[in-house]
Amino acid sequence: MRFLLLSLLTWSVALAGLSKHIASYDIQATLNHKTHTITGNETLTWVNDSPDTVSTLQFHLYMNAFRNTKSTFFTESGGQLRGDQFKGDEWGWIEVKKMRLASGADVTKAIRFIHPDDNNAEDRTVIEVALPQAVKPGETIQVAIDFETKMPMVFARTGFRKDFYLVGQWFPKIGVWETAGFRYSTQGAWNCHQFHANSEFFANFGRYDVQLTVPSEMVIGATGEQTKRVENVSNKTTTYGFHQEDVTDFAWTVQPNYIRVERMFEAAKETTAKEIAYEAKLGGVPEEDVRLSDVKMIVLMQPEHAEQIERTFHATRAALKHFGLWYGRYPYKTITVVDPPYGAGGAGGMEYPTFITAGTSWKLPPGSRGLEEVTVHEFGHQFWMQLVATNEFEESPMDEGLNTYSTTLIMDKVYGGIGQLPITLFGMNVWDWLHLPGISDLSLDRAAFLMSPADDDLLRKSWQYYDSQSYGINSYMRMGVTLDTLERIVGHDTMARLMRTYHTRYRFRHPTARDFAKVASEVSGQNLDWFFNQFFFGNRLLDYRIGEVTSEQRRTPMGRFEKGGTFQITTRKDARKADDANDESKAFRKEYLGTVKIQRHGDAVAPVEIVIRFKDGSVEKRQWDGEYRWVKYTFVRSSEIESVDIDPAKKYRLDVSFANNSWVSKYQVEVSTHWSANVLFWLQNLMLILTSVA
Ligand SMILES: [Zn+2]
């Protein structure tokens, strides 16, 4: 009887929404502002959607990352994240007070801490519970958990500062059961990683119904749609209800003095028939699939940043529109954009389902598009990691990198790049002072990639990168540059179709980098294994360079020659005489032997175009497969070689040096010295800015 009932429940749960609801939560929680503590109870409804019999459950207790300096997070990070240091004694933790099954069994005593990633016995971010009765294939289990969460001083995405709270990773959250064939799994097992310094998250889709009781003076924002608001006059608290389906997480924020502004994204007004028709044609999909839906945009802004409300809405609109047009409509009814207060920057630049934190400063330099960039990027995570829910622990470039690539496209299209970097010196805008042009994200991404191109493979488990800089560079910028290179290889239209296909095929699912590679070859109709094996799944560095270029005038041949059956010697002297006569003669057509040697200094092999220009204006193009270490081209021409360019279209932004890709017969001093003199100067500021978003 129990089995039958549960099977029916599974059926309705799994088909209720757009996604398979594997893990759904009903949570009631109360914030105690004095103690910075959240007391809650949750009922988890978990569906065993696999053919395996599951005899244990594993849960993340993320907040224990901030419990003490012996946690894996602290050991790895030294108590800092993205430059923010943990200070003071406001540690964070979570305790499971009680865990019961719907059958009535109390399993609290069966809880044990496990450390699947690093054997750190002091880490308490993952628990395992042995079940008295295993969950059979297709069955659903309900678990009631009482918990208490102490919020840390905010520095790493979550926490409080004064009366501001950004509450993420705050409740016991079940891991992902991976059956054989699911992602990289070869046998059924829990995927439930510890909380690491350089790591984000991974979870199944589900429904969240959350009731939050907070001091009444607080302004609230959360994942999903608000369903209720009840004033509890007796203790000056208010209970809010939020509901959201088809998401993987739930986060919320409160602060008394937020300015809360609501605007509608009206799809019909934001897009034109022409845009819809264009994207439908490009994607090869019906126009109906491209049309967007209305979304309520909610901005929670610090009063001192009020002047940036309009800019935040503008960027949110642009992101809703373009991500939607390119990859499929944003399917949720709300998006909440949070601006954390001064001193809580650690909570900025972070993404949760339908809920993102941006981050602005009191006075933004006029040319800077940092605010727009962060807003577009964080919104982009609704598509890359929320809707297409890759494993951020294991393949961070698949969310951060795809998002970097998409963000760049939007920033270039809507804002003409990210404008100027906010660098000031003695009160002067360095950007204006140096007369630097507005820059695109892509050139910054490439510059960052070049800071340490050889430290790691692009794809690693996030805590296994050489250091946090390498994690950042590979996850964000290097993947951005890699996808840009892919776009230049397959062409803009094909790339657009590829990204749309990958997104729509894996929306509400959990693909891997291998799935992306498969879609790329399928959509482009090309075997792209050479590209993916070297640049995605390996760490081959690309560096083509000019070896030697010579143009030698051909002179009168000398030596013994056969002519009409007899032999005759052309002496050195005769030849020189003939040369002199030729040089003086206007009628004589000079002939040059041009030689061009191109070298492959990197270990990556990629087909490349080489363009040779001659002084008479003629041009030769060669396609080199790059297979051997070098190639030599010779030309017999009436003109000397003027210049040689490898990959003149700059298809391979992955080439670690552009400087050795060109040769000109007369060295042109004015070329790029202006830039190179200043490059180091702003590169030093670069990492600070670029690693400040998640
Ligand atoms: Zn991000």
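Bear in mind these aren't lab numbers, they're just calculated from the coordinates by the rules spelled out. Note that the structure is predicted; figures quoted are calculated from it, not measured. Note: ideal-geometry Cβ built from the backbone for every residue, glycine included; neighbour counts use all protein chains shown.
For the chain, with only Lys/Arg (+1) and Asp/Glu (-1) charged at the beta-carbon, what is the dipole magnitude about the Cα centre, in debye rounded to 20? Intermediate values should be presented prior to the final figure.
Working: 77 positive and 86 negative charges, 224 e Å.
Computed charge dipole of the chain: roughly 1080 debye.
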**Fill in**
Excluding residues fewer than 8 positions from residue 20 in its own chain, the aspartates and glutamates with Cα under 12 Å of it are 49, 245, 246
**Request:** Specify which residue in the list 268, 526, 347 is farthest towards the positive end of the charge dipole of the chain, using unit charges on the beta carbon of Lys, Arg (+1) and Asp, Glu (-1), about the Cα centre.
**Result:** 526
**Asked** What is the fewest-to-most order of 405, 415 by other Cβ atoms lying within 10 Å of their Cβ?
**Response** 415, 405
**Alpha-carbon Rg/Rh ratio, for segment 482-639, with Rh computed the Kirkwood way** = 1.26
**All-pairs Cα distance distribution in segment 274-340, expressed in whole percent, bin size 10 Å** = 20, 41, 25, 11, 2
**Asked** Which is farthest toward the positive dipole end of segment 192-277 among 203, 232, 255, measuring Cα position about the Cα centre, with Cβ charges +1 (Lys, Arg) and -1 (Asp, Glu)?
**Response** 232
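What is the projected area of the convex hull of the Cα atoms of segment 261-373, averaged over all directions, in nm²?
Working: hull surface 30.3 nm².
Mean projected area for segment 261-373: 7.6 nm², to one decimal.
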**Asked** Normalised by the number of residues in segment 81-217, what is the relative contact order in percent for Cα pairs under 8 Å and 6+ residues apart?
**Response** 23
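Express the relative contact order of the chain as a whole percentage, based on alpha carbon pairs under 8 Å and six or more residues apart in sequence.
10
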**Complete:** At q = 0.16 1/Å the base-10 log of I(q)/I(0) from the Debye formula over the alpha-carbon atoms of segment 36-91 is -0.73
**Request:** On each of the three principal axes of the Cα atoms of segment 86-165, give max minus min coordinate, whole Å, ordered largest first.
**Result:** 46, 31, 24
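Calculate, in whole percent, how much of the Cα-Cα pair population of segment 525-598 lies beyond 20 Å. Provide the component values of the computation, followed by the final result.
Working: 1720 of 2701 pairs.
Tail of the P(r) past 20 Å holds 64 percent of the pairs.
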**Message:** Need one word for segment 243-291: rounded, prolate or oblate. Basis is the Cα gyration tensor (sqrt eigenvalues a ≥ b ≥ c); a/c below 1.5 gives rounded, then a/b vs b/c decides.
**Reply:** oblate
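Rounded to the nearest 500, what is the 222 nm mean residue ellipticity of the chain from helices alone, with -39500 (n - 2.57) per DSSP H run of 4+ residues and division by all residues?
Details: 16 runs with 171 residues, N = 694.
Result for the chain, helices only: -7500 deg cm²/dmol.
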**Prompt:** How large is ³J(HN,Hα) for each residue in segment 590-605, as worked out from phi by the Karplus curve 6.51 cos²θ - 1.76 cosθ + 1.60 (θ = phi - 60°), to whole Hz, x for Gly and Pro?
**Reply:** 5, 10, 10, 9, x, 10, 10, 10, 10, 10, 10, 8, x, 9, 7, 10
**Message:** Return the equivalent ellipsoid semi-axes of segment 127-197 as a descending list in whole Å, where each equals the square root of 5 times an eigenvalue of the C-alpha gyration tensor.
**Reply:** 32, 17, 9
**Prompt:** Beyond 19 Å, what percent of the Cα pairs of segment 172-254 remain?
**Reply:** 55
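Where the only charges are on Cβ atoms (+1 Lys, Arg; -1 Asp, Glu), what is the dipole of segment 31-105 about its Cα centre, to the nearest 20 debye? The partial results should precede the final answer.
On the way: 8 positive and 8 negative charges, 61 e Å.
So the dipole magnitude of segment 31-105 works out to roughly 300 debye.
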**Request:** Let me know the number of lysine pairs in segment 236-383 closer than 29 Å at the Cα, not counting same-chain pairs under 8 apart.
**Result:** 16
**Request:** Could you pull out the chymotrypsin sites (Phe, Trp or Tyr not before Pro) across segment 581-624 that fall in loop regions by DSSP (anything but H, G, I, E, B) with no more than 14 other Cβ atoms inside 10 Å?
**Result:** 588
**Prompt:** Taking only C-alpha pairs under 8 Å that are 6+ residues apart, what is the relative contact order of segment 487-635 in percent?
**Reply:** 21
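In Å, what Kirkwood hydrodynamic radius results for segment 450-542 from the alpha-carbon pair distances? Please report the intermediate quantities before stating the final value.
Numbers: mean 1/r = 0.0718 Å⁻¹.
Evaluated on segment 450-542, it is 13.9 Å.
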**Item:** Distribution of pairwise C-alpha distances over the chain, 10 Å bins, in %
**Value:** 3, 13, 22, 23, 16, 9, 5, 4, 2, 2, 1, 0, 0
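For segment 257-408, give the magnitude of the charge dipole about the Cα centre (Cβ charges: +1 Lys/Arg, -1 Asp/Glu; no others), in debye to the nearest 20.
Numbers: 14 positive and 22 negative charges, 106 e Å.
Charge dipole, segment 257-408, about its Cα centre: 520 debye, nearest 20.
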**Request:** Mind pulling the per residue volume of the convex hull built on the Cα atoms of segment 574-659? Å³ is fine.
**Result:** 120
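Within segment 228-296, list the trypsin sites (Lys or Arg not before Pro) lying in a DSSP loop whose Cβ has at most 14 other Cβ atoms in a 10 Å radius. Walk me through the numbers before you get to the answer.
Numbers: sites: 228, 229, 236, 260, 263, 269, 274, 281, 291, 296; in loops: 236, 291.
Qualifying residues, ordered by number: 236.
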